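Here the structure comes first, spelled out in structure tokens, and everything after it is commentary.
The values are calculated or read from the model by the stated rules, or taken from the named source; none is laboratory data. Note that the structure is predicted; figures quoted are calculated from it, not measured. Every residue, glycine among them, receives a Cβ derived from its backbone with ideal geometry; neighbour counts consider all protein chains shown.
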Amino acid sequence: MEEQLRNMVAKIAEITPTFAGDANLRDDLRVDSVRAFELVFEIERTFGVKFPEDRYAEVVTFSDLLGVVTSLKH
């Protein structure tokens with residue numbers, strides 16, 4: 001799942017998927033509000049989960065995102 005999510009973020013942010021887990025989505029990876037909406041939609045579609053808006057508030061880094069998505073899958 002991590003690799004798939006990493007590739008998803010990279011595609012949406014238009015960067016290579018070689019960023020660190022502690023990369024800040026907004027500051028380091030340039031995931032602005034429009035890209036964040038796109039990312040949430042893609043996560044929901046790909047992983048078959050509902051991504052509550054309040055959970056996105058917990059997300060700062062890629063590792064945070066991975067943790068939330070993992071918790072939604074279980």
What are the residues in region 18-68 that are touching a strand residue (DSSP E or B) at 6+ places or on another chain (Cβ under 8 Å) and in a loop (DSSP other than H, G, I, E, B), if any?
G21, D22, A23, L25, V60
Which one is farthest from the chain's Cα centre (by Cα), of the residues in region 1-23 that are closer than 12 Å to I43 by Cβ and β-branched (V, I, T)?
I12
Residue match in region 43-54 (condition: acidic (D, E), at pLDDT 95 or above, within 9 Å of the chain's Cα centre (by Cα) and closer than 19 Å to A13 by Cβ):
no
If we keep only residues of region 43-74 that are free of Cβ contacts under 8 Å to residues at least 60 places away in the same chain and of a type in the set (D, E, K, R), then the residue farthest from N7 (Cα to Cα) is D54
Can you name every residue in region 28-52 that is of a type in the set (D, E, K, R) and over 14 Å from V69 (Cα atoms)?
D28, R30, D32, R35, E38
Output for region 19-37, where each listed residue is touching a helix residue (DSSP H, G or I) at 6+ places or on another chain (Cβ under 8 Å) and loosely packed, with under 14 Cβ neighbours inside 10 Å:
A20, G21, D22, R30
Condition met for V40 (surrounded by 16 or more Cβ atoms within 10 Å (Cβ to Cβ), free of Cβ contacts under 8 Å to residues at least 40 places away in the same chain and under 10 Å from the mean Cα position of the chain (by Cα)):
yes
